[in-house]
Amino acid sequence: MDSLALHSLSALLLLLITSASAAASDPTNQFCDARIGYGDSGCGVSAAASSSKILIKGGTVVNAHHQEIADVFVEHGIIVDVKPNIKIGDDVTVLDATGKFVMPGGIDPHTHLAFDFMGTRTIDDFFSGQAAALAGGTTMHIDFAIPVGGSLIAGFEAYEERAEKSVMDYGFHMAVTKWDDTVSKEMEIMVNEKGINSFKFFMAYKGALMINDVLLLEGLKKCKSLGALAMVHAEHGDAVFEGQKRMIELGITGPEGHALSRPAVLEGEATARAIRLAAFVNTPLYVVHVMSIDAMEEIAKARKSGQKVIGEPIVAGLVLDDSGPWDPDFVTAAKYVMSPPIRAAGHGKALQAALSTGILQLVGTDHCVFNSTQKSLGIDDFRKIPNGVNGIEERMHLVWDTMVESGQISVSDYVRITSTESARIFNIYPRKGAILAGSDADIIILNPNSSFEISTSTHHSRTDTNVFEGRRGKGKVEVTIAGGRIVWINDELKVTPGSGKYVKMPPFSYLFAGIDKVDAMYFSSLKAPVKRAW
């Protein structure tokens, strides 16, 4: 064995030992340790608050287009009333929100829990990931169900089983990874019977999830006919593959090779191509994890022309820069590896500005977490490092500190980009994303004068790293109410496995309004076929 191979093997063994030692000694990691039974007190999880009636008094109630000082009365999981000075009898849990904001719980539109990817499975499942979300003020997420053997039905059933231990409400997007008549019919079943109204197409990950333009066109047409939203991971997969080979040939095998192999121009190209194909079909398009100025400018241009394109930045892209993968410590560098990569600082600032001006519409996380042992699968080859970063617990705090505290957006805008717009796009508003009578009681109380600090030692994810390690800011979620249950209070989680509900999302959201009219205008403009004499 040569010295380089011996060095790599030694480093890998050290990583394994270090990770195992940290897991054994850190009680936070035991919070959701798979070896501990769900609901066991050893996980730091107790029974949810038992009262079915909650009165939140004196807070500033914030919706996406209005705010007022009012009380909020909750009963049996539903918001019953929102008005000043609500008078209620006994057997009510009263929460004083004076001087604080009462807002809809966050809706994270982009997560990957219990996701089998790159030879391993994400360390957070539908219990630990959701528990982390609740501690951070997110009360619903939409996960990506991946087909099994190309079958959408088999994929949906697999994710149904994985979600049995959920502790908050969730929905599913469905990925499409191949095309035939069976997949086309299964898309109909997903929409008409299973409550899925969005389908994702990967333009990257060649040899695994990547689709070609023929499949993308077929998928766009089918989505349009079903009233389902087409979503794309926009990177030029063939060019990325070429870029990876180039880095390996240059001897660049570390995490920095990942970022270098997939520059922003490839994200911009794929975003432009997807937008133009969606325009050709005349169907709405949702671009996930917008990470670069290149992609954002394509979205801005399309929206200015009147095309219905949604751009979703993620919190990592907003607040981090590209220095992480160049860290001399492999564990530190590898934790930042995700696709598309985190870009140079100027990109994040531009994305923040686009979010504040409405060019981009909402913030997700792409929470797709692997621990340091899993990341070490690529210690000698960046192509084998499982892609993904955390964010499901940190999103609400970091967006508040980055966007509201800096004065870039209002408190109402904050509600819109973290909750309401997700609910509207995926057609579950005002059941979700609002503090209104009749809405689900998914509520947070945020104290703008409290501060937060992010640390691996206190977060609730199972992972042993955090890309936001050490970040501090203002604005802390002090109370989370999910489904009418107080699940986060006094820095303590109170969740019950299996208490989360699957939320069906109907087709034909507001994005489809006017599509038929545009089609009619197009057909009338053709002036064809022309009658010709023979």
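The values are calculated or read from the model by the stated rules, or taken from the named source; none is laboratory data. Model, not experiment: these values are computed from the prediction. Methodologically, a virtual Cβ is constructed for each residue, glycine included, from the backbone with ideal geometry; neighbour enumeration extends over all protein chains shown. Accessible surface areas use protein heavy atoms only, side chains included; no ligands, DNA or RNA. Shrake-Rupley method; radii C 1.70, N 1.55, O 1.52, S 1.80 Å.
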Task: Listed residue pairs exceeding 18 Å between alpha carbons, taken from Lys200/Lys224; Lys53/Lys476; Lys206/Lys384 - done: Lys53/Lys476
Open item on the list: What does the charge count around Ser461 come to, taking other residues whose C-beta lies under 11 Å from its C-beta (Lys +1, Arg +1, Asp -1, Glu -1)?
Closed with: -4
Open item on the list: Checking the cross-link filter: which aspartates and glutamates have an alpha carbon closer than 17 Å to that of Lys87, excluding same-chain neighbours under 8 positions apart?
Closed with: Asp71, Glu75, Asp96
Task: Positive-pole candidate from Gly254, Leu511, Gly500, dipole of region 103-512, charges at beta carbon - done: Leu511
- [ ] Take the cross-link list Lys178/Lys335; Lys222/Lys308; Lys178/Lys301 and give me the ones stretching past 25 Å between alpha-carbons.
- [x] Lys178/Lys335; Lys178/Lys301
Task: Within the accessible area of region 103-512 (1.4 Å probe), percent carbon and sulfur - done: 50
Task: Alpha carbon centroid spacing (whole Å) that separates region 147-200 from region 205-225 - done: 15
Task: Computed over region 470-534, the ratio Rg/Rh where both radii use C-alpha atoms and Rh is Kirkwood - done: 1.47
Task: Quotient of Cα Rg and 2.2 N^0.38 Å for region 103-512, N being how many residues it contains - done: 0.90
Task: Spatially proximal lysines relative to Lys474 (Cα-Cα < 17 Å; intrachain offsets below 8 disregarded) - done: Lys100
Open item on the list: Can you work out the Karplus-derived ³J(HN,Hα) for every residue in region 423-432? Use 6.51 cos²θ - 1.76 cosθ + 1.60 with θ = phi - 60°, whole Hz, and x for glycine or proline.
Closed with: 4, 5, 4, 9, 6, 10, 8, x, 4, 10
- [ ] Among DSSP beta bridges whose residues both lie in region 103-512, state the antiparallel percentage, nearest 5.
- [x] 40
Open item on the list: Using a 1.4 angstrom probe on the protein heavy atoms only, could you order Met118, Met103 from most to least accessible area?
Closed with: Met118, Met103
